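The values are calculated or read from the model by the stated rules, or taken from the named source; none is laboratory data. Since the model is a prediction, treat every value here as computed from it, not as a measurement. Note: ideal-geometry Cβ built from the backbone for every residue, glycine included; neighbour counts use all protein chains shown.
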Amino acid sequence: MISEQEILSASILVVDDQQSNVLLLEEMLRDSGYVCVASTTDPHAVRELHRKHRYDLILLDLLMPGMDGFQVMECLKEIETDGYLPVLVITAEPGHKLRALAAGAKDFVAKPFDLVEVQTRIHNMLEVRLLYKKLEQHNQVLEQTVLERTAELRKSEARFQRLTELSSDWYWEQDENGHFTKIFGPVLEMLGIQLNGALVQSRDEKGGSWNENERKMLEANLAARRPFLDFVYSRTNPDGSRQFLMVSGEPMFNPSGRFIGYRGTGKDVTGKIHPNHKLP
């Protein structure tokens, strides 16, 4: 919400070629409690004044010699690239009201002035303008926060990947159907499978065969969506030698709790397992 003090502290520019109208509006604004009021009778000066001060509200007369209010608004559009013109037009011509709104003005007041109406429209427009600016600032902060968090996440992922590479031979992820979706390391070569293969199978692409009991135990863990740590399973290679692999994994769920697959690590532990290794 916008406080009354914020509204009264907003910056206002009065633009009218008639000095008497400028003095009237300035006096009315100050009597209402506004403390940041500037003015000019030169429409050609408005663009640079707004570029320098970025007023929260510009009270703009439409009929001025040399440069009318419509031309002033076109100049302001070069500064307000987001298309929001903080302009409240002043006109004695009823036919100019719709044209002014179409040109980008946000509201209008009619001459001769009804001071109560002018005060009300100024107050309401400033409240909307300040809310708009606050929302814009919030979005900028939110966008910056997202960028920072994204950068932190990427750094964290890079560190995690590096730690995984140091502590294991591969990192893997599977979808809910058991197919690999992400792999770091030579897992395909070690398992002898293709990218769309599964973590457990009876035979591999190289003609090796996996231990059936161990394979069923790993399948049971996956099917039950249970995490598993340092699970060792083996295969017999075509030359008769045995290869032992150790894998760890955990199920993944989306924010709504739906199972979306597994992720984990693995390594070849053949040199650390006794050839007569048996299931417990």
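Can you list residue pairs whose Cβ atoms sit under 7 Å apart, with the first residue in region 109-137 being assigned by TED's automatic domain parsing to the domain that holds residue 93 and buried (at least 16 other Cβ atoms within 10 Å of the Cβ) and the second being part of a helix (DSSP H, G or I) and hydroxyl-bearing (Ser, Thr, Tyr)? Count only pairs 6 or more apart in sequence or on different chains. That search, which allows pairs on different chains as well, returns nothing. Would you check if there is a residue in region 17-25 being outside any helix (DSSP H, G or I) and in contact with a strand residue (DSSP E or B) (Cβ under 8 Å, 6 or more places away or on another chain)? Taking every residue of region 17-25 in turn, at least one turns out to be outside any helix (DSSP H, G or I) and in contact with a strand residue (DSSP E or B) (Cβ under 8 Å, 6 or more places away or on another chain).
Selection over region 36-73 of residues that are of a type in the set (A, V, I, L, M) and under 37 Å from the mean Cα position of the chain (by Cα) gives a count of 9. Filtered by the rule that a residue be of a type outside the set (Asp, Glu), modelled with pLDDT of 80 or more and part of a strand (DSSP E or B), region 196-234 gives 228, 229, 231, 232, 233, 234. Only residues that are surrounded by 18 or more Cβ atoms within 10 Å (Cβ to Cβ) and hydrophobic (A, V, I, L, M, F, W, C): list them for region 50-69, please. Residues satisfying the conditions are 57, 58, 59, 60, 62, 64.
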